[in-house]
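Here's the structure, in structure tokens; my notes come after.
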Amino acid sequence: MKIHAIETGRVRVTERWREGEGDGLRRLLNAWFDKATTGWLPVHVWVIEHPEGLIVVDTGIPADANRPRYFPPFMPLIQRAAVFDIAPEEEIGPQMRALGLEPRDVRWVVMTHLHQDHDGGLHHFPSAEVLVSRDEWSFACGLRGRMNGYLNQRWPRGFAPTPVDFEDGPLGPFPRHASLTRAGDVTLVPTPGHSPGHLSVLLEEGEPTIMFAGDTSYTEDHLLRMVADGIGTDLEAEIETHRRILAHAAQRPTVYLPSHDPDSAGRLAHRITLDPHGTAAARVGRLGKVA
Ligand SMILES: [Zn+2]
């Protein structure tokens with residue numbers, strides 16, 4: 001199965017956004033006001049050429065994300081702490097066409113969550129069924145959604161995703177899952193913490209499992225150290241999600257692909273699996289060998 005890693009622009013956040021410090025409101029303030037920033041991080045979208053139809057995981061950012069008025073005036077702190085860089089031809093639609101894939105042919109768009117750097121390319125997929133977990137959908141809608149940083153006023157007119165309820169029972173360490181494909185090789189699992197209804201996508205194409213992990217952590221290293229980010233809605237849930245992902249990787253070889261990890265595309269290309277007991281040094285060595 002062909003899987004494409006597509007970088008739809010880049011984002012830079014504060015260090016305390018990517019790696020949180022403190023509790024409660026203090027944690028959020030640390031993320032917003034930290035002076036240190038990360039380098040440019042990729043905003044990945046994943047396209048799976050599945051026999052049952054094209055599957056897209058997340059949709060990236062839109063080309064106007066670098067404009068000053070991208071965030072509404074009541075969100076100056078987010079505007080300050082997260083900066084984007086993208087050219088029009090880097091949006092997901094043009095990049096898919098460059099690969100010979102037509103966005104209108106996409107059957108499913110699976111959203112890991114509805115933060116603006118994941119839902120900014122929804123307008124490219126008017127004919128696809130869009131899937132969002134029910135918890136994420138109800139949290140992101142309306143005024144409450146806007147107060148929590150979701151840019152729901154930018155969703156395509158009449159946006160009505162299919163809510164995912166995870167009715168299919170346990171899957172390894174995950175308490176519930178939802179099967180997407182008839183073949184049963186693509187499943188959605190709840191991975192809350194970064195956002196209340198965050199989900200991840202597991203693809204079984206033989207060994208290993210490919211896990212499209214959204215923002216469960218910013219990098220594989222943050223997962224291994226079980227460090228939650230600074231803007232997540234539920235710190236304990238995020239750490240519990242880390243535990244479950246590591247337990248899954250201990251049971252089945254898993255290629256772990258967070259959206260903003262600069263090494264995700266390389267790990268996908270070379271099917272480098274997560275070592276749940278690995279150290280940073282060992283992983284750098286393994287990545288170095290294939291580079
Ligand atoms: Zn996010």
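Every number here is computed from the coordinates shown, using simple stated rules; none is lab data. As the structure is a prediction and not an experimental result, all values here were calculated from the model. Ideal geometry is used to build each Cβ from the backbone, glycine not excepted, and the neighbour counts take in all protein chains shown.
Candidates are the residues of the stretch 223-234 that are buried (at least 20 other Cβ atoms within 10 Å of the Cβ) and closer than 21 Å to Ile272 by Cβ; the one that is nearest to the ligand (Cβ to nearest atom) is Leu223. When each of Thr241, Thr181, Thr187 is tested for being of a type in the set (Ser, Thr, Tyr) and in contact (Cβ under 8 Å) with a residue 60 or more places away in the chain, the lone residue that passes is Thr181.
Can you name the number of the only condition in (1) within 16 Å of the ligand (Cβ to nearest atom); (2) assigned to a loop (DSSP other than H, G, I, E, B); (3) in contact with a strand residue (DSSP E or B) (Cβ under 8 Å, 6 or more places away or on another chain); (4) not hydrophobic (A, V, I, L, M, F, W, C) that Glu167 fails? So Glu167 meets the others, but not (1).
Take Val106 and decide whether it is β-branched (Val, Ile, Thr) and more than 16 Å from the ligand (Cβ to nearest atom). In short, yes.
Within the stretch 16-43, residues that are more than 20 Å from Arg225 (Cα to Cα) sit with their Cβ atoms under 6 Å from residues that are small (Gly, Ala, Ser), at 6+ positions apart or across chains, in these pairs: Trp32/Ala81; Val43/Gly9; Val43/Gly60.
In the set (1) free of Cβ contacts under 8 Å to residues at least 12 places away in the same chain; (2) under 26 Å from Met75 (Cα atoms), Gly206 fails one condition alone, (2).
Could you please let me know if Ser217 is in a loop (DSSP other than H, G, I, E, B) and either more than 20 Å from Met1 (Cα to Cα) or within 16 Å of the ligand (Cβ to nearest atom) (or both)?
Yes, satisfied.
Kindly establish whether Val83 is touching a residue at least 60 places away in the same chain (Cβ under 8 Å), closer than 20 Å to Ser200 by Cβ and of a type outside the set (D, E, K, R). For Val83, the condition - touching a residue at least 60 places away in the same chain (Cβ under 8 Å), closer than 20 Å to Ser200 by Cβ and of a type outside the set (D, E, K, R) - is not met.
State the number of residues belonging to the stretch 18-28 that are surrounded by fewer than 16 Cβ atoms within 10 Å (Cβ to Cβ) and touching a Lys or Arg at 6+ places or on another chain (Cβ under 9 Å). Summing the residues that are surrounded by fewer than 16 Cβ atoms within 10 Å (Cβ to Cβ) and touching a Lys or Arg at 6+ places or on another chain (Cβ under 9 Å) in the stretch 18-28 gives 2. The residue that is farthest from the ligand (Cβ to nearest atom), among those in the stretch 123-148 that are in contact with a strand residue (DSSP E or B) (Cβ under 7 Å, 6 or more places away or on another chain) and within 16 Å of Leu199 (Cβ to Cβ), is Glu129. Among the candidates Ala249, Ala237, the residue that is over 17 Å from Gly39 (Cβ atoms), more than 13 Å from the ligand (Cβ to nearest atom) and buried (at least 22 other Cβ atoms within 10 Å of the Cβ) is uniquely Ala249. Across the stretch 133-154, the number of residues qualifying as aromatic (Phe, Trp, Tyr) and either surrounded by fewer than 19 Cβ atoms within 10 Å (Cβ to Cβ) or farther than 22 Å from Ile55 by Cα (or both) comes to 2. Taken over the stretch 60-85, the residue count meeting the criterion of being within 16 Å of the ligand (Cβ to nearest atom) and within 21 Å of the chain's Cα centre (by Cα) is 12.
Filter the stretch 181-214 down to residues that are among the small types (Gly, Ala, Ser), within 16 Å of the ligand (Cβ to nearest atom) and either over 14 Å from Thr241 (Cβ atoms) or not in a strand (DSSP E or B) (or both), then give me how many there are. Steps first, please.
If we filter the stretch 181-214 for residues that are among the small types (Gly, Ala, Ser), which is where we start, we get 183-184, 193, 195, 197, 200, 206, 213-214.
So of that shortlist, the ones also within 16 Å of the ligand (Cβ to nearest atom) come out as 193, 195, 197, 200, 213-214.
Remaining after also requiring either over 14 Å from Thr241 (Cβ atoms) or not in a strand (DSSP E or B) (or both): 193, 195, 197.
Result for the stretch 181-214: 3.
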